[in-house]
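Please read the structure below before turning to the comments.
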Amino acid sequence: MKRWLLALLLMGIAPVWSQERKFGDKPDLNFFAEFVQPTFRDVCSTCHSQNGNAAFGRFPMQQSFGSPYTDEQTQKNFEEAVRRIRPKDPNGSLLLNKPLAKVTHGGGQQVREGGKDQKNFIDWINGAIGTKASGGAGGPFDLAFFESRVAAILDKKCAIKACHGGTTGAGAAFHLEPSANGRFAPEVIKANFTEVTKRAKPKDLNASLVLLKPTGDRTHEGGTVLQKASQDFGILVEFVNGASLSGGGLDRAFFDQFVNPILGRTCGVSACHGGSDGIGARFHLHAPNEVGKFSQKQLDDNFMAVTNPALPRAKPSDPQSLVLLKPTGGAPHVGGIKLPKTSKEYQTVLAWVNGARARPNRPPIVAQGGVGGVLEQRLGAPVPLDLSGSSDTENDTLSFEYKLMMAPRGARAEVRGTGARAALTTDRPGAYVISVTASDGKPGGESDPYKVTVIVTGATTEEAAAVGPRTIPAATTEVPGGRRELFVRRAYFEVLGRGPTIEEFALAVGQPRDQLVAGLFNRPEYYRHWLEEQFQLLGLTGSHRFSADLVQGATLGLFNRDYGQLPTLYTLFTSKQYVDRNFGAVNPRDFFMTLFQQLVGRDPTDTELRNVGPQLVQHVMATPEFYVRYAHRSYRRLVGADASNELAVKLAERLSRFPAAAQAIEQEIVLSADYLNSLTRPKPKTSVMLAESLVRDLLGRAPNESEFDAAQTALGASQDQGAVALLIGRALLGSADANLPTKANLGDRAKWVRDTFVRLLRREPTAKEVGAFVEAMNEAVVTPRLIIEALISSPEYLIY
Amino acid sequence: MTVRRDFLRIAAGWMSMSSGSAVPQAAAGRVQRVVLVLFGGGVAFNDVFPRLNSTTKKFDTTRDFAGKNIFKLFCEGTGVRFDSPMIGHHAALATILTGAMHPPEFRGSERPRRPTLMEYLRKQRNLDAGQIWMCVGGDSAEALLSHSTHAQYGARFGANLLNPRGLFGGQLAQTLEKHGKADSPSAAEATALAKLRAAVDGTPATNVFGNESTTQQKLTKLIADTMVGRRLPITGPAASDVWALRLATEVLKQFKPTLLAVVLTAADVGHISYRQYASVIEANDTEIGELVKVIDGDAQFKDSTAIFICPDFGRESSPSATGGKDHAANDPNVAASWLVARGAAIAKGAQPAQAMRTIDVCPTICALLGARAEHAEGRVVTELVAAG
């Protein structure tokens, strides 16, 4: 993982919008089949089935035994479910209240409050409409195998926007919907499965386009993207040949949790079925690793080996299954008796063959306890890491693994602890990123990595000495009008070039000013924003812009104190981009005039002009004039007014003696009385700030390089930034990342309006505003989308 | 074709009046709008106009020349000697727009300190931003000329700036297409948007620029339609200037502004290549012709609009080492520049008592439109104004 990428990531929780769904008047069968019935299968049918604990008469459910439900089964489950709901009234529906344990339920709470299952149930009860599933299920190709093994390969190789992932161009006729950061929604899996199976003939490798095209055996505009010798191609071949992960009716979850550990440990030794040669190799099983774990692929391989339709070693309810006969001596077995019939292990395997089911083990979810978000602490004390907000659906005991992913160069840092509470210790200020993974000790029980960012503020003794003594005293008064939120907003925009997230805002408002400001200036984002400001000043934008990699490398270098801000300025002024932008090669004299003016605000003398080349820049940047101009510029940028000459000279003297003081000086300015007084004068957001704000506020993430460059160029190209912001916003809100709610599933409209005001304008709305916006929603044309558009193009959004 | 007056000869009979004077009473009210084209980048008289015979003082229009439409305007109106010292493009343009001399070290990273003519008009005539527009062909440097940092004027009175290169260069449209549609709101949506924005009670920021709701609505539609309908299909050295002029023509049609300023810069390619420089002049001249057609073809504009065209300064007469033409400060051809004016209240063939200067443009246009350039250094060139 690139450190510079991690360095630029901050914790922010994107607003939780639901997927855009359409709603009808009554419960929909298709939606039920796609979103509700899977929960029935995974969670409820263990008990609510013929073999289950709940009396079958009470909410009987059809069982699929691992295979997809037939239409008849789905219809029956649907009818039973409908009897237990009140349409449009989730709170009055037993189907929801029982598994939430809001009413007495023998099975207790089985659905998590606020979780995806609950959401799907609610939407279904409210009439959400689904699409009829098409193709594949129950046919010659296995959906489970596709989902587990094939989908990711096609996502990586084929679902690129320029190829089959786009909606225009030659590849669009065979459209594969790309994943969202490696994750596929069920509907995406089904759609892609349908498209792929249209281009595959069962067991016919010579007629399956999905094999012929990517290997170049058939004309393919994309060329050869898969080598026939590759493992990926091998998996595609297995798919076309009918490889299945459906298990022929045997329960996958039970196998993973209980049977596979037995078979893997007992049979998967290298001398027997774990080896690659010998008699046992025909039935290959993976053994667990040294800590008893299997990878997902090993689980898949073992399951497929045992349930392979071509030669199944286990068949539902069949006592003649080889997996029962061979290890018990019931059939000739070179390995002899490995599982006595009286053993618990044999009984487990027998139960599985006879239809035992288990709930799929769900991985835990890691979450911080307390307020969460980016942690900040002054250098000197361990930083507590609190992951007590983590949870596990099965309430299993969790263990935690901490990995330090990023730290400032030269820092001696470590994380101590293996439980939900640990601590980071270090000897250097800066940004740290720790990756946390939780495990419940069962197959499939490892969480996604969760990143915690820690900002350690303060300075080492050497760093403190390198910036020299303080020049501008900190203000001792409070923010005018006591409006701390105004200071927080302004400081974030000035220092980081963006507004605070809701979580950052909540944390920052209560923080002491000096701690807040020190934390902001100690982030890589500060340096990134400082660089962008210099680019704007020097006209290094558009075609004269530096590459994204270079900018991010420079950001990290500045943050890690590999080099300082003034040496960086030197690099910019002597860069090819700067020379080209100012026609330096064509008209050197004019070029040096421009350069001089930007450095010191005057034309060069003839003597100075004679000293042409990079030495000129070096020479000028050592003069008092340069430092005074730099000091003036920093001050004006932050306070919005000129510094007194006296102050500018003092700052210049400090900079010339302590070149590392550039950041410290800006910090002092932001803590000064002049800065506090400037809060009463709203400032227009620069195009840089607006470009960041729009993408972050609407999509919940930082803009990528092309988004940032295009947006900030366009926003700077019109005095009316509101008009351009509206256009950019309308496009961004059309993105799947925007996760817009519809009016129908907004719930409490007033609450949503309040949340939206806080999110976009960083303040609570007045009662009058809430009333006006809620009332406006009575008009058909006023949707949540339009409200967001109104706010981002309002004068208030354009200032800070 | 002959011309009635040779505009290098100083006409007698007109006395210059002191700076800050109003135009003659008879001219008041006749000029409802002004179009000012700053043909920046350094454009020499000889490269725009037909050859002038130094003996007969007549223009030879039998041979091809680049500025046909500009010459036509000159014939219909007037052309005057324009003293424009070579102080750098940004300083020269700032000088024209503010009426105050800017030093050479005023380069492309600052705003003017004295108010621009756009600010004078907006503040003194209480015009909203939808009445004052500036389209620029260059980049961020020219955009800084849309308003000054003067404490009593500034951003809130600034021009409605548009830079087509930043909006229609294709990069924005391509980036946004990856997400959704950057279309303008429908009429019903626009009405609802205006109402919602008005319901936001936040503290109004009186020191920043802002458009009226209907202006913003029309502007959004203009940008969206232009962005979606046409990328930047024009290529070549004049591309950004041509787009600025075309956009200005659209602005004129849709907003009917009191002042429309267009700042062009592409001619500076003359440093590298004369041929490209000439092609820029020709391309811009063609677009100026289209702009004038719109003015002349609309009864609302025809008799009430004055047009001014001038460069920031000229160029040397001899080619440079690269085959282009530079603009050295000490070359007399550079400073001896030209200005053409035509239209409402402009006296045909008028000649000022002394050469018009770059600092005179702002006070003159302000006076024509009923304002006073109180911080300018130049004078109102009343000689240009027709008696009535």
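Scan region A:726-753 for residues that are at the interface with another protein chain (Cβ under 7 Å from one of its Cβ atoms) and either part of a helix (DSSP H, G or I) or of a type in the set (D, E, K, R) (or both) and the total you get is 7. In the set B:127, B:162, only one residue is in contact with a Leu (Cβ under 7 Å, 6 or more places away or on another chain) and open to solvent by 10 Å² or more (accessible area, probe 1.4 Å); that residue is B:127. Across region A:29-39, the number of residues qualifying as over 26 Å from the mean Cα position of the chain (by Cα) and open to solvent by 30 Å² or more (accessible area, probe 1.4 Å) comes to 3. Anything in region A:555-569 that is out of contact with any helix residue (DSSP H, G or I) (no Cβ under 6 Å at 6 or more places or on another chain) and either assigned to a helix (DSSP H, G or I) or closer than 15 Å to residue A:532 by Cα (or both)? List them, or say none. Correct list: A:557, A:567, A:568, A:569.
Could you say which residue among B:220, B:215 is within 22 Å of the chain's Cα centre (by Cα) and in a helix (DSSP H, G or I)? Of the residues listed, the single one that is within 22 Å of the chain's Cα centre (by Cα) and in a helix (DSSP H, G or I) is B:215. Within region A:762-800, the set of residues being open to solvent by 30 Å² or more (accessible area, probe 1.4 Å), at the interface with chain B (Cβ under 7 Å from one of its Cβ atoms) and either outside any loop (DSSP other than H, G, I, E, B) or not β-branched (Val, Ile, Thr) (or both) comprises A:768, A:772, A:779, A:795. Mind listing whichever residues of region B:144-154 are more than 7 Å from chain A (Cβ to nearest Cβ) and either open to solvent by 10 Å² or more (accessible area, probe 1.4 Å) or in contact with a strand residue (DSSP E or B) (Cβ under 9 Å, 6 or more places away or on another chain) (or both)? The answer is B:144, B:145, B:147, B:149, B:150, B:151, B:152.
Among the numbered conditions (1) within 13 Å of chain B (Cβ to nearest Cβ); (2) modelled with pLDDT of 80 or more, the only one that residue A:543 does not meet is (2).
Could you give me the residue pairs with C-beta distances under 8 Å whose first residue belongs to region A:588-599 and is facing chain B (nearest Cβ under 7 Å) and closer than 14 Å to residue B:88 by Cα, whose second residue is surrounded by 20 or more Cβ atoms within 10 Å (Cβ to Cβ) and of a type in the set (Gly, Ala, Ser) wherever it lies, and which are 6+ apart or on separate chains? If the second residue must be surrounded by 20 or more Cβ atoms within 10 Å (Cβ to Cβ) and of a type in the set (Gly, Ala, Ser), the pairs left are A:594/B:108.
Residues that are open to solvent by 50 Å² or more (accessible area, probe 1.4 Å) and at pLDDT below 85 within region A:404-417 comprise A:409, A:410, listed in sequence order. Looking only at region B:169-188, which residues are more than 9 Å from every other protein chain (Cβ to nearest Cβ) and part of a helix (DSSP H, G or I)? Scanning region B:169-188 gives a single hit, B:187. In this entry, residue A:225 is excluded by the filter for residues that are buried (at least 16 other Cβ atoms within 10 Å of the Cβ), touching a helix residue (DSSP H, G or I) at 6+ places or on another chain (Cβ under 8 Å) and outside any loop (DSSP other than H, G, I, E, B). Exactly one residue among A:653, A:707 is in a helix (DSSP H, G or I), of a type in the set (Asp, Glu) and within 12 Å of another protein chain (Cβ to nearest Cβ), and that residue is A:707.
Does residue A:756 count as open to solvent by 40 Å² or more (accessible area, probe 1.4 Å), within 13 Å of chain B (Cβ to nearest Cβ), polar (S, T, N, Q) and out of contact with any strand residue (DSSP E or B) (no Cβ under 8 Å at 6 or more places or on another chain)? Judged against the criteria, residue A:756 is not a match. Among the residues making up region B:266-309, those that are open to solvent by less than 10 Å² (accessible area, probe 1.4 Å), β-branched (Val, Ile, Thr) and part of a helix (DSSP H, G or I) are B:280, B:281, B:288, B:295. Please tell me if residue A:211 is closer than 22 Å to residue A:148 by Cα, hydrophobic (A, V, I, L, M, F, W, C) and assigned to a loop (DSSP other than H, G, I, E, B). So residue A:211 fails the test.
Determine, yes or no, whether residue A:623 is within 14 Å of chain B (Cβ to nearest Cβ) and at negative phi.
Values: within 14 Å of chain B (Cβ to nearest Cβ): no; at negative phi: yes.
Considered against the rule, which asks whether it is within 14 Å of chain B (Cβ to nearest Cβ) and at negative phi, residue A:623 comes out as no.
Confirm whether residue A:780 is out of contact with any Gly (no Cβ under 6 Å at 6 or more places or on another chain), of a type in the set (Gly, Ala, Ser), touching a residue at least 40 places away in the same chain (Cβ under 8 Å) and farther than 28 Å from residue B:129 by Cα.
No; evaluated as a whole, the condition is false for this residue.
Only one of the numbered conditions (1) touching a residue at least 12 places away in the same chain (Cβ under 8 Å); (2) within 26 Å of residue B:242 (Cα to Cα); (3) out of contact with any helix residue (DSSP H, G or I) (no Cβ under 6 Å at 6 or more places or on another chain); (4) not hydrophobic (A, V, I, L, M, F, W, C) is violated by residue B:297, and that is (1).
Let me confirm something: among A:218, A:199, which residue is open to solvent by 60 Å² or more (accessible area, probe 1.4 Å) and not in a helix (DSSP H, G or I)?
A:218
A single entry from A:568, A:574 fulfils the requirement of being without any contact (Cβ under 8 Å) to a residue 60 or more places away in the chain and open to solvent by less than 30 Å² (accessible area, probe 1.4 Å): A:568.
Restricted to region A:167-186, and to residues there that are among the small types (Gly, Ala, Ser) and on the phi < 0 side of the Ramachandran plot, the residue that is modelled with the lowest pLDDT is A:170.
Quick check, is residue A:723 facing chain B (nearest Cβ under 8 Å), under 26 Å from the mean Cα position of the chain (by Cα) and either of a type in the set (A, V, I, L, M) or part of a helix (DSSP H, G or I) (or both)? Spelling it out, it is not the case that residue A:723 is facing chain B (nearest Cβ under 8 Å), under 26 Å from the mean Cα position of the chain (by Cα) and either of a type in the set (A, V, I, L, M) or part of a helix (DSSP H, G or I) (or both).
The values are calculated or read from the model by the stated rules, or taken from the named source; none is laboratory data. Just so we're clear, the structure is a prediction, and the values are computed from it rather than from any experiment. Methodologically, a virtual Cβ is constructed for each residue, glycine included, from the backbone with ideal geometry; neighbour enumeration extends over all protein chains shown. In case anyone asks, the SASA skips ligands and DNA or RNA and just uses the protein heavy atoms, side chains included. Shrake-Rupley method; radii C 1.70, N 1.55, O 1.52, S 1.80 Å.
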